[in-house]
Every structure is written in C-alpha cells, then in structure tokens.
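We did not get these values from a lab; they are worked out from the coordinates using the rules stated. Since the model is a prediction, treat every value here as computed from it, not as a measurement. Because the Cβ atoms are built from the backbone with ideal geometry, glycine has one as well, and the counts that use them run over all protein chains shown.
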Amino acid sequence: MPATSTGSSTTVASTAAVPKSLGAAGLQLDWIEDIEFAGSFIAKSNGYYSDNGIDVTLMAGGPTTAVEPIVVSGKALVGITGPDTVSQAINNGAQLTIIGASMQKAPQAIMSLAKTPILNPQGMIKKRIGVQASNLVAFNAFLKINNIAASQVTIVPVQFDPTPLASGTVDGWYSFITNEPFLLAAKGVATHTFLMYDYGYRLYSGVYCVLTPNLQNASKRAQIKALMTGEIIGWEKAFDDPSLAANLTVNVYGKTNGLDIPTQTKELAAYEPLYRTAVTLAHGLMWMDAAEISQNVNTLGLLGIKSATSYFDNSVMQEIYQGQSSLPIPA
Amino acid sequence: MVSLDGATSRHVDERPGVEESATDELEDAVRAALKRFKWLGAVLGVTFLLVLWELLAVFVFEGKHIMPTPLGVVGGLWQNRVLLRENAGITLSEASQGWLWGNALAIILALLFVVSPPVEAALLRLAIASYAMPVIAIAPILNIVFGGDKPKVVLAAMSVFLTTLVGMSAGLRCADRTSLDLVRAYGGGSWSAVTKVRLWASLPSLFAALRIAAPAALLGAIIGEYLGGTSGLGVAMINAEQSLDVTRVWSIALFASALAGAGYALTGLVAKYLTPWATSVSTIGAPPAVGSSRRGRVYRAGRSMLFLLISVGITVLVWTAFVRLLHLNSYFAKTPLDVWKYLTQGQSAPGNRAILLNELTVTLRDASLGYVFGTILAVIAAMAVVTSRAVETMFMPIAVVLRSVPLVAMTPLIALALGRGLLSVTIIAGIVTFFPTLVNVVQGLRSASEESLLLMRSYDASRLTILRKVQVPSALPSLFSAARIAAPGALLGAVLAEWLSTGKGLGFYMLEASTESQYNALWSGVTLITVVSVAIYAVVGVIEVPILRRFGPQG
C-alpha cells in the first residue's frame, strides 16, 4: 500500500520516545459504532492511543447526537462531525476549530443504473433525479456549481429507499457512495456512481473538531496530538488490514448493532478513496491542504453557510507528521 | 409487600351476582368460554391484528420495502434472537431504573401534594412542564449533563413521572369522605389521614398509572438510545433502518412492544393480587377540581394568579440555576433571560416571534386533529371494552401493543407508508392520545357506583341505558384526567412526527435550529411548546370544574 511503502524509514518522535501518561480523553462519534469508525476501534484495541500515552473513551453517537455541544462542554476532547455543522456552531458562538479531515472528499454521489449510467453532471440534464427533502439545498448548490439551471433537471422528491431507481421511476439518485449502492447491490441491482466532489462539490466530511482554547493549552494540545496520532495510525492499519477492521467492528465494538462482515468490508473499501487522496498520499491522512480549505469555505458559502479559513487549523497535523507523509504502523 | 387488612375492611364488598344477569345468551356462552380459556380472547385479538397486517403487507405495501409480512417477521425474530436478547437486557435495565426513579419521585411528590395543597399549587406546573418538554429537543443537554447510559434512565423516568403523579394524586383524593371525617373526628391530622385512609384508597389508581408506566419507561429508554449509544434495542434499530432491513426493524419494534406489553400485564397481575377490590370500589369522592374553596370568584382567581406567578418564578429560578451551577456553556445552554431577549429585544425579535407563532399554529393543528381522532376512538373502544368482556380480552392486547410500539423508530416507517403529510402526524398524535384515554376511561366507566348499577339492573335497564345513565357520567372525570395527559401528549407526538418526518411545524423548526446551532431559537421553541402544553393542561382543568359539578359523581 502506497501510504506505508513510500514513507521514509525514519521514526517519528512520538512513537519512539517512551510515552508519558497524558491522562484520559473522550472521542465523540457522530453515529453508532460501525465501520465508519474502524480506525478508532483499531487504535483502541491495538494500543495506538495508549502507545502515545492517552486513554481514549469512544463515545458512540446516533441520529440525534449533536457533537458540537459535547465538545464545547468538555465531555469529549475531540468530536467527529461535519464541516457544515461546525461552521454553524462557530457562527453561533461556539469556540471550536477543525484540526483534521478524515474524508477529504464528501461521500455524496449521484447514483444511476449500470445499464443506463449517468456519467457526469451534464448527463443529468433532461433526466429525473430523486432527491431527499433534506438534501435539496446541497443538490441545488451542485447544479449551480456546474452551471445547470434547475429547469434543466427534473427533481423528484424521494425518501431514502432507492428502490424507485431500480424500478425506473427515476433515472438518478442523490446518495452516499458508502451506503445506497450497497443497498441496491444486495438486491442484485448493478449501479454506476460519480462523486459530486469530483465535479466541484469540494467539501470535507467527518472532520475532527476541538475546543479552540485547548489548542493554546500545552497539556490539552499534547492530549489532542496523542489522540489524533492514534487515530491516524488506526486508519492506516484499517485500510491495510480490512479483515481486522471489519472483524473488530462487527464482533467487538458494534457487536450488538446487527452488523455483518461482508457489508462492512465493502463499505470500508468505499471509504478508502475518500480518505486516501493525492493530498493525503503526499502529506498523510487527515491532512488539511490550504487550497482544499478555501474550496470548503466556497462550497459551504454556496450551501448558505458562512465559513472561513480561520475555522480550520492544520498545525496539529503539521506537528504530528513533521514533514513525513505517513506514520509508521507499529509491528 | 403490604398488609391490606386496614384497607379491605372498607371494601370487602360483595361482587354481587349481577354479572350473571346478562341479557344475551350468546354472549353468556362466549363469556363462559372466555372464562375457561382466558387466553382465547387475546389469541383472537392478536390473530385479527395479524390477518389485518398480512393483508396490508401483501396488498397495500407490497414491494415498497416498508412492511414485511408477519411470517417474515417471525423469521426475523428467530434470525435476530441473539441480537434481540443482548440488546433487550441493556434497554430493560435502563427502563427499569428509570421506572423506579420516576415512580418513586412521583409517589413522594403526590403524598406531599395531598398533605400540603400550596406545595401542589406551586410545583404541579413544574411537574407538568417536565412531561411537556419535547425531550428530543432537549436531548443534547441531557447528553452533556448526564454521562454514559444515564440520559436513557432520565428519559425513562421522565416518561413515567407525570402519569404516576396524576394517578397517585387522584387516588389519594378519592378516599372515602366518611373515613376521612372519622380520622379527623378522632383528632388525626393530614398525615394520619394519608397513612390510615388515603394511601389504601390510592392503590387502584396508582396501579392503573403504574401499568401505563411500564411501557412508557421502555419507550423513554429507547428514545434515549436514539441519542446515541453502544447497545440497546434503539441502537440496533438505527442500523436496521440505515440498511433498510425492514424485517429486522419490525422484528426489533415488535419485540420491544412485546416487552412493553409484558411489563403492562405483569403490573396488572401484581395489581390484581394486591388490590383485589380495585374494580368494585363503591364510591369515588369528588375530584379536587370541584372540592375547592367556597369563597368568591375574585378570591379564587387571585389565588390562581398568585400560584401561577410562583410556578413561573420557580421554573425560571430552577432553569437559571441549572445552567449556571452546572457551568453549561452559553453557546448551547440558554437561560430564561436569553430566551426573553431573543423574543422581545433587538430588531430581529418581531421576526423571531412571528416565525415561532406561525410554526406553532401548524403544530397545534396537527396535534388537535390527532387528539380528537385518538380520543373518539379511545372512548368508543372503552365503551366496547366495559360492555363486553369478549371485546376486552380481544382488544386490550391490541391496545397495549399499539401503546408499546416505539414511536421514534416507527415514525419514519409510518411516514414512508402514509407520506409526510397531515395523515402521518395525525396518526402519530392519535396513537399517543389513544392509550392513556382508553385506560383512564375504562377505569372511569368501571368506577360507577355499585348502588347505581344495582338500581339500574333491578329496573331491568339495558346495557346501553346503564352505560349512558350511570357509567358515562361516572367516567367523565376520567376523561378529563386522561385529557390532561393525552392533550399535551398529542402535542408532543405532533412535535416528534414533525421533527422526524414531515418537515413542517415547530418540531421541524427545532430540528433545523438544532442542526444550525441556533440554540436561542431551539430553547425558545422548547419553552413555547412547554408553556402551551401546561396551558392546555390548565384549560382542561378549568373546563372540568363546571362539567364535573353537573355530571360528576357525588361523594
């Protein structure tokens, strides 16, 4: 795998030094424990957090979890959430900063049937696209980015079950590349998808946010760095060893959630290209490139959400990587 | 656990042979059969439900991935047995802790209320407010204030608290006047009245409340699990819904319903064992609303206003203290002052008010449709239940199943099946209304005085005449005590439906506010809903007085 083989052989200080105990901290997840957090599960069970001196508690989320207030309250040191909700929290007085981005590319995609594929945004013209009410704003922004007038596409209000695409009621489907294609695949329907990110919808997903004052506090900053180091190594390991990732997710952390190995493995594979992009291959997972940050601010603006480059701070990543392009996975 | 000697002496009354004077021979036969095979009725009821379900699944929702067939769900239950067992343990533990805490607090407070009416006047509204708060909206705060699994326990406790408080209070007050006078004549104070008379008199009503509490606690815990959690039936349901595995969703929902139903039945059994006189309490004292002061209207109005102000004062104090003492960050934790400023000061205040009121109108329409719909059905069902034992054994299990369906999880499914419009909201608000109304009205119809019933029967009055002349009037108080629970419940049901599916009304407005970190708007919404619910509760009380004076049973 490129991330590990291209890294130089020098060791990174934090793993070579004997770790001193930095205490305990919480990591607030924004969903129930499934493959979306495989890297954290591996970091926890393989000791990548504790190797760096921090004892991390994974705090499971759910459909009504609001991550930002939990981070603001100090219950969690780090929270995983969306760049949109963090920006809105900051706009409303929360002292939060985004310190890393797991998914460099948002997973939003347009899905179509493999036999009648929609290959790019222009392909949607004169087609019926199923869009859920909650995603209308994003879809309209996407049309605007691609200079497509709303009148050129027929938007069909739909729910989350993509069966209407399979039955031909619509030609395209607003979906998440990590979810709906698998729902149809399970029913034997082959699909084609293109990522909205690849056509100008430049947005992160699954960003890590912390309380801004904690970045100025030496001991808190050390905790944050230790947690993120464990997190990064955990994700490198997850992509290198998908069976370990799926096994930990299904049989240990998400044990009572009714998950299954084949689906979780497929989903992990769908996440990989969103994590491992040109930017992160060059600088390391979670890295936030200045150009990408401005693109995020632009896209958020099109969604009607005020954001600023100052909401993002890549300095924790810089300190963690120290010029390397990856962190070595301990044997 | 308790000796009933003191209590039963007053109640050892006969269950006279009147039941045998049934008019219809066929019904006699049915009843005899049901007596021998008590479970037969329940089986019939459940069978009816299953057939209806199968028909719906096959003919209406086929291929829509909304509703699996009953057989599919049986398979699902078996396939997911390990999953269900593991998660049920977690959810049950949260629910039973919440049940215990919520009920214990409610019982203590009810005792305090009956001994000291001023305390009641000051604190009752606070208790109602705790019930009327849209939990889904205050969830983030609960998550922050209580760590780990505690938010689920708190939500379970909040779900049972008011119903038990109201039930227990009503029970304590329905104590026999003569017995109370006797205690007083012997120089006993209000505490001796409580321990010697009221406590025993309250048991039937308390148990009726505890029965409702069992499924309610379970629902509270499952709602809590939607806030996020490692395990539990609610958590398992989240994944099933995300994977569109409708068979698993329904299996989990049905299993949760069965657990809730079992809790309901178990409480019923315990009640039957401990309070064998419960169904034949011969008199019910005038409810509190009537037995108030004989002084002038102006005095009473002034007094009510005073206590209203005290309640508001306490609420504002408790709320502010909560935010300040816990050092909650002002970005998400707003004080009453923040809400006041948001609604009255600055250029945007009129706009803020207009939006909230506009959304409230939508929510009130949703809720009242649901309430009316649920109440009519519940009253019809209650009459059927008390008129015919066959209907009761057939119907009550269905009603309990309906009550126990985890609404949070089912709302998206209901929306899928019936669209995101008014129909879905009406049904959800209706379901919330139906069950407490049914249970209370059945209890009320049964509380008709034995003397009146005997009299009517001796005149050979038909069942319908008895129902109309004796049972319905004696059930009126229960309809109102049900309304106090059901009307705010319908409002909450509407908010929940709006939040989870319809994208309209105050519920959806609060969801938007929450995702956009507009916490001033969110807290204002929560305040508005709570105030309106408490007001509805109060209005029910006001309407109750003249109606009860006219129709209510005499003490």
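Brief remarks follow.
- Using a simple spin-label model with pseudo-atoms 7 Å out from Cα toward Cβ, residue B:53 and residue B:112 lie 4.3 nm apart.
- Each semi-axis of the equivalent ellipsoid for the range A:108-199 is √(5λ) with λ an eigenvalue of the Cα gyration tensor; in descending order they amount to 19, 13, 12 Å.
- Neighbour-count order for B:463, B:184, fewest beta carbons within 10 angstrom listed first: B:184, B:463
- Applying 1/(1 + (r/R0)^6) with r as the Cβ-Cβ distance of residue B:266 and residue B:71 and R0 = 25 angstrom yields a FRET efficiency of 0.30.
- Projecting the Cα atoms of A:191, A:29, A:43 onto the charge dipole of chain A, computed from C-beta unit charges around the Cα centre, puts A:191 farthest toward the positive end.
- Here A:167, B:96 are placed in order of increasing Cβ neighbour count within 10 Å, fewest first, which gives A:167, B:96.
- Shielding score for B:509-522, defined as the mean number of other chain Cβ atoms within 10 Å: 4
- Debye, to nearest 20: dipole size of the range A:108-199, +1 on Lys, Arg Cβ, -1 on Asp, Glu Cβ: 200 debye
- Mean partner shielding of peptide A:84-93, defined as the number of other chain Cβ atoms within 10 Å of each residue Cβ, is 4.
- By the Stokes-Einstein formula, at 1.306 mPa s and 10 °C, the protein assembly as shown with its Kirkwood radius over alpha-carbon pairs has D equal to 53 µm²/s.
- Placing +1 on the Cβ of every Lys and Arg and -1 on the Cβ of every Asp and Glu, with nothing else charged, gives the protein assembly as shown a dipole about its Cα centre of roughly 2460 debye.
- Listed residue (A:172, A:226, A:93) projecting farthest to the positive dipole end of chain A, Cβ model: A:172
- Take the Cα of residue A:278, step 7 Å toward its Cβ, do the same at residue B:422, and the gap between the two points is 5.5 nm.
- Fraction of alpha-carbon pairs over 28 Å apart in the range B:66-551 - percent: 54 percent
- DSSP beta bridges in the range A:108-199 [antiparallel fraction, %, rounded to 5]: 55 percent
- Label reach from residue B:304 (point 7 Å along Cα→C-beta): in the range B:82-125, amide nitrogens under 20 Å belong to B:117-125.
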